[in-house]
Amino acid sequence: MLYQGTYLLSAKISGIKNIHECIDLEFYKKTVDKGFDPEKYKVKGIFGENGFGKTAIISAFKILKSLIIDPGYLNNPENQDYLSQTINKATNRFSICCEFLRGRGENLTIYEYSITISKKNEQYRIENESLRRRNGNSVKSQYSTQYSVINGRIEEYSIKDRFEEVDAATVNLLNAATLPSLIIDRAEDRVEFETMYLPLFMFAASLTPVLSKEDTHEIEHLKNTITEQYKDPEQMDPEVRDIIDRLEVYGAVNSRVIKTYELGMFKQRVEDMESFIRLFKPNLQKIDIEAKHAGEDYICDLNMNYGEYSINSEYESTGIRKLMSIYDALRIAVNGGIVFIDEIDANINSIYLNALIEYVMVYGRGQLCFTSHNTDIMTVLKDNKMSIDFLTKDQKIIQWISNGNRSPITSYKNGLIEGIPFNIYPTDFVGMFGEY
């Protein structure tokens, strides 16, 4: 089956939380050709001790997504506070570089997007940003620069006759906002829009990092921006139409603000989630939607109906709320998104969790990357490609490679993974609890 959509090939991350030096995440083999098929490369688990940097990886993608889509992200004091707490305090400099693929068959294109932000005058600002592209069918093809920005000024712009106009429109703004977030709705024509910005925005839209409840207004803004580029719907390329349809899927069940025209789709998603939650809590009768008009929107509350009593989902148990959040994320992964979940095993029974992971591996059309302490998941992952990574105490990624009959679980638990200190025994705790 030829792949259609957006696929993350690799990522390099540095300068976030306790990750000082660059770490490399690889999701697919080095060679990409017209027969590209990620069937065995859809799921990755990252394992490691507490405090080694697993959550930092998910945080990096959360920041990346916001930088690409939201032009006001770095001007928001709350976001600046978040960055001050999240970016490595020794470097005060965060970098991420992603290779991702778009297209199908003969038209596969690989893009490389990189961005660095650093602290200047007590605020984080963009130091450099660039987007490059190359043909994905040849290992010899070279990257060509679409645009590059250094210290707030555009250095290169591939559409030469647009350079001065774009430069003038963004002068004094590119220290605090990315070029695509500022200029996407000012693209002069469809060629500029579809070659310079659409692939990057679709990559950002596909990214779903799950650390806590996320605000989905960015997706609504993106959907409207793309639609406005096509005054005549008949001119819309089928692939772009497919992109718009995918953005409908990316709307979260746990979102509380729903557009009037989206209410029907929202109700269907809630019904689907109801079936999902009932697997874990069989006494759930129904998830009732309490929808109240608010201008052109509905404010929706979800009430968990157990027959004899009902409880608002906000006051449900931690485990059920986690499942609702996981449902949103897995729905996106199954339908073609790129999902990152921190501590996927929290509050979920191992048997159910393994079945969920296996389902995404078999039926999912997107990618799922998660952190976990649950070693049982390795049994499900080990037969796939590049699906098990270990994050060591010195913040290095070690990818599991099959070695005879040795299993990843045995190697991990017995301290046979370099930099993973699991060669520990009960007697090592003696004297630590004030025992007499």
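The numbers here are math on the coordinates, done by the rules we state, and not lab data. Quantities reported herein were computed from a predicted structural model and do not represent experimental measurements. Here Cβ is always computed from backbone atoms with ideal geometry, including for glycine, and neighbour counts include all displayed protein chains.
When the pairs Lys54/Lys119; Lys12/Lys62; Lys89/Lys119; Lys322/Lys413 are compared against a 19 Å limit on Cα-Cα distance, Lys54/Lys119; Lys322/Lys413 fall above it. Of all lysines in the structure, the ones whose alpha carbon falls short of 16 Å from that of Lys292, not counting any fewer than 8 places away in one chain, are Lys259, Lys267. Subtracting the Cα-Cα distance of Asn335 and Gln80 from 0.36 nm times their residue separation leaves 88.5 nm of extension gain.
Evaluated over the Cα positions of the chain, the convex hull gives a direction-averaged projected area, one quarter of its surface, of 25.6 nm². Among Ser387, Ala56, Leu207, pick out the residue whose Cα is farthest towards the positive end of the charge dipole of the chain, where Lys and Arg carry +1 and Asp and Glu carry -1 on C-beta, about the Cα centre. Among Ser387, Ala56, Leu207, the one farthest towards the positive end of the dipole of the chain is Ser387.
Here the extension length gained between Thr379 and Ala168 equals 70.4 nm, from 0.36 nm per residue of separation less the Cα-Cα distance.
With each label modelled as a point 7 angstrom along the Cα→C-beta vector, the Glu358-Thr410 pair spans 2.1 nm. For region 317-436, the share of DSSP beta bridges that are antiparallel, to the nearest 5, is 50%. Could you check what % of the DSSP bridge pairs in the chain are antiparallel, to the nearest 5? Given both bridge residues lie in the chain, the antiparallel proportion sits at roughly 80 percent.
Modelled this way, with points 7 Å down the Cα-to-C-beta line, the labels at Val257 and Ser144 are 4.1 nm from one another.
Among Glu192, Glu106, what is the fewest-to-most ranking by other Cβ atoms within 10 Å?
Least to most surrounded, the residues fall as Glu106, Glu192.
The modelled label-to-label distance between Leu211 and Lys12, using points 7 Å beyond Cα along the C-beta direction, is 2.3 nm. Legend: calculated FRET efficiency, Asp24 to Arg104, from the Cβ-Cβ distance at R0 = 25 Å, rounded to 0.05, equals 0.40.
Among Thr195, Thr260, the ranking by other beta carbons within 10 Å of each residue's beta carbon, starting with the fewest, stands as Thr260, Thr195. The dipole here belongs to the chain: it is taken about the Cα centre, uses +1 on the Cβ of Lys and Arg and -1 on the Cβ of Asp and Glu, and is about 1200 debye. With 0.36 nm allotted per residue and the present C-alpha distance subtracted, the Arg125-Glu435 stretch has 106.5 nm of extension available.
Distance from the Cα centroid of region 266-302 to that of region 1-73 is 31 Å (rounded to whole angstrom).
In terms of surrounding Cβ atoms within a 10 Å radius of their Cβ, Asp301, Asp81 rank from fewest to most as Asp81, Asp301. Taking every C-alpha pair closer than 8 Å and separated by at least 6 residues, the mean separation divided by the residue count of region 251-334 gives a relative contact order of 29 percent. For region 385-399 versus region 363-380, the inter-centroid distance based on Cα atoms is 14 Å.
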